[in-house]
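Heads up, the thing below is written out as structure tokens.
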Amino acid sequence: MSKRSTRRKHTPRRTCVACRTLRPKRELVRIVRLSSPGDEGAVVVDETSKLSGRGAYLCRQRDCWETALARRQLERALSVTLTAETKAQLREYAAGLPQRPATVSEGDEKQ
């Protein structure tokens, strides 16, 4: 056996701008300030993580999104001032996310 077969695959990790938790990149949602001509300065949710531009990451929890918007953490991370329309779009996206993740202890208490 070679050394290559025993190595674990590298998993990129990113930090949520709201709760500052380090997680695998795939577990977070990327928000991007677009840099392409014509769209410059627009902020969108990047589900594919492939759009070009300055990015920031948030957990898939509504609490983190509300915190990031209320404390302007997303604006600082993206170096942009969010418009009321953009904030509304981000809140609409966050409305579809869970409030907070269920933990094992919570599941045990319900039984």
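Rule-based calculations on the coordinates, nothing more; no lab input. Source: prediction; values computed, not measured. Virtual Cβ from ideal backbone geometry, glycine too; neighbours counted across all protein chains shown.
Here the extension length gained between Glu85 and Arg20 equals 20.8 nm, from 0.36 nm per residue of separation less the Cα-Cα distance.
Do any trypsin sites (Lys or Arg not before Pro) in region 5-101 lie in a DSSP loop with no more than 10 other beta carbon atoms within 10 Å, and if so, which? In loop regions of region 5-101 (DSSP not H, G, I, E or B), the sparsely surrounded trypsin sites (Lys or Arg not before Pro) are Arg7, Arg8, Lys9, Arg20, Lys50. For the chain, the 222 nm mean residue ellipticity estimated from helices alone, with every DSSP H stretch of n ≥ 4 adding -39500 (n - 2.57) and the total spread over all residues, rounds to -9000 deg cm²/dmol.
Each Cα pair of the chain feeds into the Kirkwood radius, which the Stokes-Einstein equation turns, at 4 °C and 1.567 mPa s, into a diffusion coefficient of 83 µm²/s. Each of Ser35, Ser79 was scored by other Cβ atoms within 10 Å of its Cβ. Listed from fewest to most, they are Ser79, Ser35.
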